[in-house]
Each structure stands twice: as C-alpha cells, then as structure tokens.
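Contents: one structure, followed by commentary.
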Amino acid sequence: MAYPPREYLPGTPFGYPPQPDRPVQWYDEDAGPMVRPYALTKGRTRPGQPFDLIALVVTDVPDPTVLPVGPEQTAILEICRGNALSVAEIAADLDLPLGVVRVLLGDLLDAEHIRVSRPVPPAPPPPENILQEVIHGLCAP
C-alpha cells in the first residue's frame, strides 16, 4: 500500500493507517536529497541581467570554497575556473534547470566572481531596396 493512502480506511483513526515502523522512502537513495529550484534561487525567477544560452562564462577565482557562496555556485566556479563554458553547458554539467543557473550566474556576476563574454549580435538585414538592386543586377544579361 502506498503511503499516505489516497482513500479513506475505515476503522482507523481519522481514516489513515498507523505510522510505519521504519521510515518511508519517497525516492531512491541515488537521487540524493531533493531541493526545489526556488530554494536554490531564494524565490527569484529572473537574473539581474539576461544571459544568452551561448554566452561564455569564465572565472579566475583560485579557490571557490573560501567564498561566501552556496554549493551550487561553488560548483559553477569550479567548472568554469580557467575554462570558458556556455550557460547551456553549465546547466547540463550541473544537472540544474537553465533558469536556476541563470539566476545563480547573475549573483556571481554581481559579486564580480565571473566574467561573461556575450555573443556578438547579428548584423541587421540590409534595406529592401538594396536587396532589390542585387536581384536586378544578378538577373541582368
């Protein structure tokens, strides 16, 4: 029987079965402790600055364990030390949601623990009249 039960159990106090003799396993031990993403970001859902998926992050902090940051931010600093990684790679390597990684990176950037190299934005498309002239030039004999 799954615990807690989803149906009323007659003959028991308040319709629930007695407490089990040993602790109930809600998930397997290999998964580790479960922490909700909002707990890692202190309830924030957006970073202070936007981070592109392909923005490169690098740090020169020699020992991130002495900084007053959380364990997830320490892990980010360790994998980015001397090695530029994209935001998407950091999220994949740490197995954290992308939104959480962006918020944590924003905190690290505000504290000046990381450097971010943002991608060059694409050039704006040329005006339509220039494209028309190119087409006419290619079609001319």
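Of Gly15, Gly11, Gly32, which residue is at pLDDT below 70, on the phi > 0 side of the Ramachandran plot and surrounded by 11 or more Cβ atoms within 10 Å (Cβ to Cβ)?
Unique residue meeting the criteria: Gly15.
Among the residues of the range 101-117, count how many are in a helix (DSSP H, G or I), of a type in the set (A, V, I, L, M) and surrounded by fewer than 21 Cβ atoms within 10 Å (Cβ to Cβ).
Residues that pass the stated criteria total 1.
Could you check Ala75 against (1) over 24 Å from Arg36 (Cα atoms); (2) part of a helix (DSSP H, G or I); (3) touching a Leu at 6+ places or on another chain (Cβ under 6 Å) and say which number it fails?
The failed condition is (1).
The values are calculated or read from the model by the stated rules, or taken from the named source; none is laboratory data. The shown structure was predicted, so the numbers you read here are calculated from the model rather than taken from an experiment. Quick reminder, even Gly has a Cβ in these numbers, built from the backbone with ideal geometry, and neighbours come from all protein chains shown.
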